[in-house]
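Worksheet: the structure to be examined is printed underneath.
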Amino acid sequence: MGATVTTTSIVRRSSWRTVRRDYVLYAMLVPAVGFTLVFSYLPMAMNVIAFMDYKLTSGWLGLGSRWVGFANFTRFLTDPVFYEVALRTVAYAAAKLAISFPAPILLALLLNEVRSQAFKRTVQTIAYLPYFVSWVTVAGLIYMFLSISSTGIINTAIEAFGGKKVLFMSRSQYFLPVMLFGTVWKGVGLGSIIYLATIASIEQQLYEAARIDGAGRWKQLRHITIPGIMPAVIILLILNAGSLFSGDFDQMVNLQNDVIQTDTDVINVYSFHVGVAQRRYAVGTAISLFQAVINFVLVWLTNFIAKKVRGTGLF
């Protein structure tokens with residue numbers, strides 16, 4: 001017992017000594033932790049309104065509202081519109097996962113084969129810059145390029161080849177390709193940097209041994225580079241699995257318009273319209289809570305499968 005107490009005391013003293021030594025680093029951590037607590041964890045407490053007949057005027061912050069159990073969940077689960085939106089959300093997310101997830105991997109593998117450092121850095125910079133552009137700006141550019149006016153370079157090209165101008169953003173069937181293009185263009189640079197960093201961490205002796213054995217660049221890519229980045233691929237795939245039942249709110253809101261909104265809504269936007277625009281706060285919260293639970297299950301399930309198949313997981 002005495003030994004345990006002594007060991008615990010040593011650990012505590014060592015931890016406190018570390019904090020005193022690196023107090024500047026810990027101080028820099030405070031704003032990030034505080035931001036996360038205030039804007040990510042504290043709002044979770046208001047999920048209780050999903051189980052209430054919520055009225056903002058009932059008690060402090062409306063928390064005096066009458067409890068109704070799972071009645072709000074029943075309301076949206078019996079609404080045919082919800083299932084239409086849910087299926088569309090999964091379809092959009094699956095398409096994004098199939099197209100936008102491999103894109104940065106492919107770009108990283110291609111850049112890794114480039115021997116000119118100047119060219120590699122230039123391509124990386126150009127590919128990474130769109131990440132810093134907001135979806136408001138990206139959506140504005142997309143609408144401008146797809147316009148039927150003189151600024152619409154896509155329709156100008158179509159007309160130049162003898163075709164007729166198309167109102168792309170007024171027809172829901174064109175929304176998914178446009179959304180996928182915007183997703184890839186905006187995110188491919190950031191993703192490629194993650195994979196390039198992973199490739200850089202692969203032991204160079206492996207490549208040297210492969211070259212000695214007569215392996216060309218294709219075999220090195222196939223047997224060293226790709227297996228070397230697989231742990232990172234699996235972890236990012238697990239994280240992306242949590243978005244299969246959601247959508248990028250900023251992207252969807254800025255790309256949608258009144259003409260195609262009904263045919264392109266996803267869960268995030270639907271819950272926003274129900275909860276805020278229609279002022280059905282409890283039902284909107286119930287939809288978001290249901291969505292969060294499904295996403296958690298998807299992450300857990302993907303992680304479980306990854307650990308069984310590859311022995312690598314997020315947790």
- [ ] Just give me the residues in the range 107-118 being modelled with pLDDT of 90 or more and surrounded by 13 or more Cβ atoms within 10 Å (Cβ to Cβ), in sequence order.
- [x] Leu107, Ala108, Leu109, Leu111
Task: Options Arg121, Arg88; residue that is surrounded by fewer than 18 Cβ atoms within 10 Å (Cβ to Cβ), assigned by TED's automatic domain parsing to the domain that holds Ile194 and basic (Lys, Arg) - done: Arg121
- [ ] Kindly provide the set of residues from the range 81-139 that are over 30 Å from Asn268 (Cα atoms), part of a loop (DSSP other than H, G, I, E, B) and among the β-branched types (Val, Ile, Thr), ordered by number.
- [x] Val114
TODO: Answer yes if at least one residue in the range 185-206 is without any contact (Cβ under 8 Å) to a residue 40 or more places away in the chain, of a type in the set (Ser, Thr, Tyr) and within 22 Å of Met144 (Cα to Cα), and no otherwise.
DONE: no
Task: In the range 210-265, residue surrounded by the most Cβ atoms within 10 Å (Cβ to Cβ) [restricted to those that are small (Gly, Ala, Ser) and outside any helix (DSSP H, G or I)] - done: Gly247
- [ ] Could you tell me whether Ser134 is closer than 30 Å to Ser170 by Cα, exposed (fewer than 13 other Cβ atoms within 10 Å of the Cβ), within 23 Å of the chain's Cα centre (by Cα) and assigned by TED's automatic domain parsing to the domain that holds Asp248?
- [x] yes
TODO: Take the residues in the range 159-180 that are under 27 Å from Ile126 (Cβ atoms) and surrounded by fewer than 15 Cβ atoms within 10 Å (Cβ to Cβ), then tell me which one is farthest from the chain's Cα centre (by Cα).
DONE: Ala160
Open item on the list: Given (1) over 22 Å from Asp258 (Cβ atoms); (2) of a type in the set (A, V, I, L, M); (3) in contact (Cβ under 8 Å) with a residue 24 or more places away in the chain; (4) surrounded by 14 or more Cβ atoms within 10 Å (Cβ to Cβ), identify the lone condition not met by Ala139.
Closed with: (1)
Open item on the list: What are the pairs with Cβ atoms under 7 angstrom where one residue, in the range 143-168, is assigned by TED's automatic domain parsing to the domain that holds Ile260 and the other, located anywhere, is part of a loop (DSSP other than H, G, I, E, B) and among the charged types (D, E, K, R)? Sequence gap at least six, or different chains.
Closed with: Ile148/Lys165; Asn155/Lys165; Ile158/Lys165; Glu159/Lys165
Open item on the list: Looking at the structure I just gave you, is Gln251 farther than 23 Å from Leu129 by Cα and assigned by TED's automatic domain parsing to the domain that holds Gln173?
Closed with: no
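The values are calculated or read from the model by the stated rules, or taken from the named source; none is laboratory data. Remember, it's a predicted structure, so these values are computed and weren't measured experimentally. Cβ atoms come from the backbone with ideal geometry, glycine included; neighbour counts cover every protein chain shown.
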